[in-house]
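The structure under discussion appears below in the form of structure tokens.
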Amino acid sequence: MLGKVADWRIPLGPYTPAQIAVAVGGGFLLVKTIHWWSWMGPVPIVAWVLAIWAVRRPKIAGRAPVQAAVGWVLLGWQPRGGRIGGRAARDRGPRPLLGAFTIEGAPAPDLAVSAPAARLSALRAPLPQPAAGRSSARHHTQPAAPAVLAGPVSGVQQLVALAQQTGGVR
């Protein structure tokens, strides 16, 4: 409340900040536009006084109008994501996720193991391509039959073959 000092108070007061704002703003508006409303007599002045009286104790959601207006301004001023610790909350920018791995070398090949490995590498060799002068669309070639390995392929078969070469299990 404004306008009360000790036991003295302004006539018809004390006044709220909203009443003072309406009184000053409305008075300025009435003085600047007197040539528009002067033909109506005292009606605009009575409306001005009633507006001052009407804003004496208004509440907007339980708050005074000035505090409500300040709240709306501050709400519009807030960052979209809100605040964390007083700072604007923002999503972190994208960044690449980097990693690494190591491929260790294979163990040294044994003699018993190297023979099947050589056979497998022979199977993986590229097939011969048709000659450039001939069209491969007219000739139907038979698909090659899968090569049958003569020696052991799995680890167990290799161990059995090694045991047979050395003279049996000891």
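The values are calculated or read from the model by the stated rules, or taken from the named source; none is laboratory data. Everything numeric here is computed off the predicted structure, so don't read it as measured data. The protein model used for the area step is the full one, side chains on, heavy atoms only, and it has no ligands, DNA or RNA in it. Shrake-Rupley method; radii C 1.70, N 1.55, O 1.52, S 1.80 Å.
At-a-glance table
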quantity	calculated
Ranking by accessible area, most exposed first, for R9, R63, R87 with a 1.4 Å probe	R87, R9, R63
Separation between Cα centres of the stretch 11-58 and the stretch 70-92, rounded to whole Å	37 Å
Global geometry of the stretch 14-54, whether rounded, prolate or oblate, following the gyration tensor of its Cα atoms and the 1.5 cut on a/c	oblate
Computed Kirkwood radius, in angstrom, where 1/r is averaged over Cα pairs of the stretch 2-78	14.4 Å
